[in-house]
1. Take the alpha carbon gyration tensor of segment B:138-188, find the square roots of its eigenvalues, order them as a ≥ b ≥ c, and report rounded if a/c is under 1.5; if not, report prolate when a/b exceeds b/c, else oblate.
2. Restricting to Cα pairs below 8 Å that are 6+ residues apart, what does the relative contact order work out to for segment A:1-83? Please round to a whole percent.
3. Taking the inverse of the average 1/r across all pairs of different Cα atoms in segment B:155-242, what Kirkwood radius in Å do you get?
4. Calculated FRET efficiency, B:Y11 and B:V240, Cβ-Cβ r, R0 22 Å, to nearest 0.05?
5. Of the lysine pairs in segment B:2-266, how many meet both conditions: Cα atoms under 18 Å apart, and a spacing of 8 or more in sequence or different chains?
6. Considering the alpha-carbon set of the protein assembly as shown alone, what are its Rg and its Dmax in angstrom?
7. Would you mind ranking B:I238, A:I175 by Cβ crowding within 10 Å, fewest neighbours first?
8. How big is D, in µm² s⁻¹, for segment B:12-53 by Stokes-Einstein at 25 °C and 0.890 mPa s if Rh is the Kirkwood radius over C-alpha pairs?
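Laboratory data are not the source of any read-out in this text; all were calculated from the coordinates shown. Bear in mind that the values here come from a model prediction, so they are computed numbers and not experimental data. Quick reminder, even Gly has a Cβ in these numbers, built from the backbone with ideal geometry, and neighbours come from all protein chains shown.
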Amino acid sequence: MPLITCENVSLGYEGLTVARDINFSVNRGDYLSIIGRNGSGKSTLLKALLRLKAPEKGKIIYGEGLRQSDIGYLAQQTPVQKDFPASVFEVVLSGCVKSRGPFPFYSPDDKKKAHDKMALLGIEGIKNKCFRELSGGQQQRALLARAMCAADKILFLDEPVTGLDPVVTTELFNIINEMHKNGMTIVMVSHDVHCAVKYSGRILHMNGGVLFDGTAEEYKTSAAGAEFIGGHKHD
Amino acid sequence: MIEYIQTMFSYSFITRALIVGVLVSLCAALLGVSLVLKKYSMIGDGLSHVAFGAIAIATALGFAPMKFTVPVVAVAAVLLLRVSESSKIKGDSAIAMISTGALAVGILAASMTTGMNTDINSYLFGSILAMTEEDVALSVTLSLIVIALFIVFYNKIFAVTFDETFAAATGTKVRLYNTLIAVLTSVTVVLGMRMMGALLISSLIIFPSLSAMRVCKRFRSVIITAAAISVFCFTTGIIVSYIASTPTGATVAVINICAFLAFALVGRFIRS
């Protein structure tokens, strides 16, 4: 059974439908990129998959006992975070906030997990630094480490490399690739079609609905892919 | 000087004010950090106006002011939160609407019954004489509950303050914790406004956390520093107001402003 199945899902904002008749599923071990132009409904779809927004029509079914606490999420940064006085360790550890259900405090295991993830992402050395004083790449690593603390089965990424330089972008994608190899299911929203095709195994192209759903290789030769990839080169 | 302070504490109304004030300052500082970071500073201010309206109505109708006001303001806090979440009216204008509305209703209620007597004035600008024995017992109980709940839910409050969307996506009941913060704030506002005045109580919520944020780099140290600043400023304020015969609420607020300026200076010095 797939982890997530969308059945005839329509999505919208305040009565305005932005995407309709969405049918697809996310299977365990997928590395799925959701791409499309601004306003194509890709971010709204992600919100629906994360249960932050109810679909207007249709059903989203969660299989294999997938609970919200199994989910990791690398969100786009909010204005609140730009000036937030918290150490990297505090931010990363907050990914474990659901690990003990209603129990209020973190366990030693949670703290160890946070340390492990920071070591994995190479930010152990700056764990006591203030989040607001970090570079964009370091902030994104801290938020990815937090998402990894929360993710047991599936990791959602919303435009993970926006505003980062090419070197940091490659590093981040390598880390995500590594996680995928270790069995994590990845669902990423991206406007960067080249990176999406390069790194992910499967592409879901949105344009008011699902325009294309298949492997990255198939996408390159498809009509939708040829136009979107080609179109980007002239930008 | 020490003798002077000893004489000061021989007045039981000052001891009462000090006990309640210290506890309320502590609550205000703890909650203030979250409110300031979530850009909800105006909620504290809005709630104090609602509290004023509620107290004026309670006085007019002959109800016990505290017992009537705490639940009314708690309900207003939940409403304010819901309204500021909805996109139809922007959060800040919603708060301005509710707070000026409540102020107007309060003034009408007061003038129709007793006129603008000293009681109402003391609610607006605060009075150190306002606390009765019963008020003290209620204030101590409620503020200890606020502090206990804050400590128990500290990690959740951090998660919800830092990133609501992440918290919601990973299964934290964001709405519940936002409501908790708002209700605890409303209790703190009502307890503190007798002494600080409806117009000044939000200074207790906003200043200590802003001061702490100038210097501290970790959330936990911001919380602890804000609490310490708040208690220190309140205690200093009450002593200064006794010595200089100035209004307590305004004195505490001015000392908080001085602390903020000092911390801002230190913060700039550290960074450069």
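1. Cα axes put segment B:138-188 in the prolate bin.
2. 38 percent
3. Result for segment B:155-242 stands at 14.7 Å.
4. Numbers: r = 16 Å, r/R0 = 0.71.
Working from the Cβ atoms, E equals 0.90.
5. Pairs that pass both the separation and distance tests number 7.
6. That works out to 26.6, 90 Å for Rg and Dmax.
7. Result, fewest neighbours first: A:I175, B:I238.
8. In µm²/s, the coefficient rounds to 212.
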